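The values are calculated or read from the model by the stated rules, or taken from the named source; none is laboratory data. This one's a predicted model, so the numbers in the text were calculated from it and none came from an experiment. When we count neighbours, we look across all protein chains shown, and the Cβ atoms used for this are built from the backbone with ideal geometry, even at glycine.
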Amino acid sequence: MHIKSMDNAFSLAGKNAIVTGGNKGIGLGITTALASQGANVAIFARDETSAREVIKDLGAKYNVRLSFYKTDISDMQSCKDSVDRCAADCKSIDILVNNAGAAFGGNLLDLEEDLSSWFKCFEVDLHGAVRMCYHVCKHMRDMGKGGRVINITSNAGEICNKPSLLSYASAKAALNHFTRCFAAEVAEYGIRVNAIAPGFTFSNFSKNIPEEAYKMMCREIPIGRFAEAVEIGALAAFLAGDASDAMTGAVLTMDGGYSLGH
Ligand SMILES: NC(=O)c1ccc[n+]([C@@H]2O[C@H](COP(=O)([O-])OP(=O)(O)OC[C@H]3O[C@@H](n4cnc5c(N)ncnc54)[C@H](OP(=O)(O)O)[C@@H]3O)[C@@H](O)[C@H]2O)c1
């Protein structure tokens with residue numbers, strides 16, 4: 001549904017969302033943002049302990065249903081089983097956020113001969129999102145109520161970073177273009193597909209960065225700091241709701257201006 005006034009324009013009340021990797025880092029910021037706007041959130045991830053902690057913390061704060069489905073997005077059957085169970089539990093899935101990801105690899109010429117880390121990276125960072133889109137968007141199409149897909153990519157998919165994470169950057173670039181092409185495919189079903197390309201953001205990866213190194217990295221960022229996970233979450237909440245119905249196939253960069261100079 002699209003908006004014609006600002007009344008409840010940003011509300012997600014009663015919507016059912018899946019957030020892959022919604023238990024940690026940026027995914028936790030997204031779970032928090034969606035729940036704060038009234039969405040019920042199903043966390044799809046492997047680590048149950050951290051997911052249960054999130055459910056306990058946020059469940060006490062927001063009056064929404066939070067749940068966990070143990071899922072490995074690199075495995076098609078695992079994605080299918082979790083989506084089927086989630087759809088049966090919630091009746092309808094309105095929002096899918098493909099956030100789960102991991103950075104593997106390095107220079108191509110330094111990789112092992114079977115390129116296993118290259119393929120492993122694509123299995124998670126590109127094909128994980130594709131698998132989830134396949135199962136969830138079939139459900140959305142069959143329900144006939146439209147839906148929202150938000151892919152979390154990276155500014156590394158648009159620019160050339162050094163040192164390079166070549167497989168990661170290539171997988172994220174492919175996910176950006178998948179976002180555009182898939183958006184065109186499913187627009188007729190009322191499904192909107194957009195991406196957020198974050199830059200440096202506080203998450204598990206940033207926990208071990210020494211203070212001096214953090215300051216050095218921030219010199220490259222016009223706003224002078226990393227983004228907070230919940231700031232990525234706030235943009236995801238906008239893309240998940242009716243206010244963004246006229247947007248599809250967009251890749252929105254949120255990197256504090258880092259990519260402007262690269
Ligand atoms: N942090 C940044 O600076 C930054 C910048 C640009 C883009 N990004 C992107 O933002 C997303 C989140 O990154 P982050 O920094 O928040 O990472 P993170 O703190 O390491 O969290 C990664 C999340 O992905 C889940 N995950 C990883 N592999 C999975 C698999 N095979 N199946 C299911 N879940 C899996 C993890 O949950 P389990 O371990 O429980 O499975 C975890 O919740 C990623 O797509 C990343 O590429 C991050």
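Find the residue count for the range 218-262, including only residues that are in contact with a Phe, Trp or Tyr (Cβ under 8 Å, 6 or more places away or on another chain), under 30 Å from Ala187 (Cβ atoms) and among the small types (Gly, Ala, Ser). Summing the residues that are in contact with a Phe, Trp or Tyr (Cβ under 8 Å, 6 or more places away or on another chain), under 30 Å from Ala187 (Cβ atoms) and among the small types (Gly, Ala, Ser) in the range 218-262 gives 6.
Residue count for the range 44-81 satisfying the condition of being within 8 Å of the ligand (Cβ to nearest atom) and closer than 20 Å to Ser92 by Cβ: 2.
Using the structure shown, decide if Leu111 is more than 24 Å from Met76 (Cβ to Cβ) and in contact with a Leu (Cβ under 6 Å, 6 or more places away or on another chain).
Working: more than 24 Å from Met76 (Cβ to Cβ): yes; in contact with a Leu (Cβ under 6 Å, 6 or more places away or on another chain): no.
So Leu111 fails the test.
From the residues in the range 185-198 that are among the small types (Gly, Ala, Ser) and buried (at least 23 other Cβ atoms within 10 Å of the Cβ), which one is farthest from the ligand (Cβ to nearest atom)? Explain how you work it out, then say what you get.
At the first step, the residues of the range 185-198 found to be among the small types (Gly, Ala, Ser) are 187, 190, 195, 197.
Right, trim to buried (at least 23 other Cβ atoms within 10 Å of the Cβ) and you get 195, 197.
On the way: Ala195: 11, Ala197: 7 Å.
The qualifying residue farthest from the ligand (Cβ to nearest atom) is Ala195.
Within the range 62-78, residues that are assigned to a strand (DSSP E or B) reach partners that are of a type in the set (Asp, Glu) with beta carbons closer than 8 Å, at six or more positions or on different chains, in the pairs Ser67/Asp89; Phe68/Glu48; Lys70/Glu48.
In the range 22-31, is there at least one residue being closer than 17 Å to Asp242 by Cα, surrounded by fewer than 24 Cβ atoms within 10 Å (Cβ to Cβ) and not β-branched (Val, Ile, Thr)? The answer is no; no qualifying residue exists.
Listed here are the residues, each with its yes/no results for (1) farther than 21 Å from Leu235 by Cβ; (2) within 14 Å of the ligand (Cβ to nearest atom); (3) modelled with pLDDT of 95 or more.
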position	(1), (2), (3)
Ala87	yes, no, yes
Leu96	no, yes, yes
Gly106	yes, no, no
Val124	yes, yes, yes
His127	yes, yes, yes
Val130	yes, yes, yes
Arg141	yes, no, yes
Ile152	no, yes, yes
Cys160	yes, no, no
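The C-beta contact set for the range 219-244 (first residue on the phi > 0 side of the Ramachandran plot and touching a residue at least 60 places away in the same chain (Cβ under 8 Å), second residue surrounded by fewer than 18 Cβ atoms within 10 Å (Cβ to Cβ) and not in a helix (DSSP H, G or I), distance under 7 angstrom, 6+ apart or interchain) is empty.
Out of the residues in the range 23-43 that are within 15 Å of the ligand (Cβ to nearest atom) and among the polar types (S, T, N, Q), state the one that is nearest to the chain's Cα centre (by Cα). That would be Thr31. Tallying residues that are in contact (Cβ under 8 Å) with a residue 40 or more places away in the chain and in a helix (DSSP H, G or I) within the range 95-118 yields 3.
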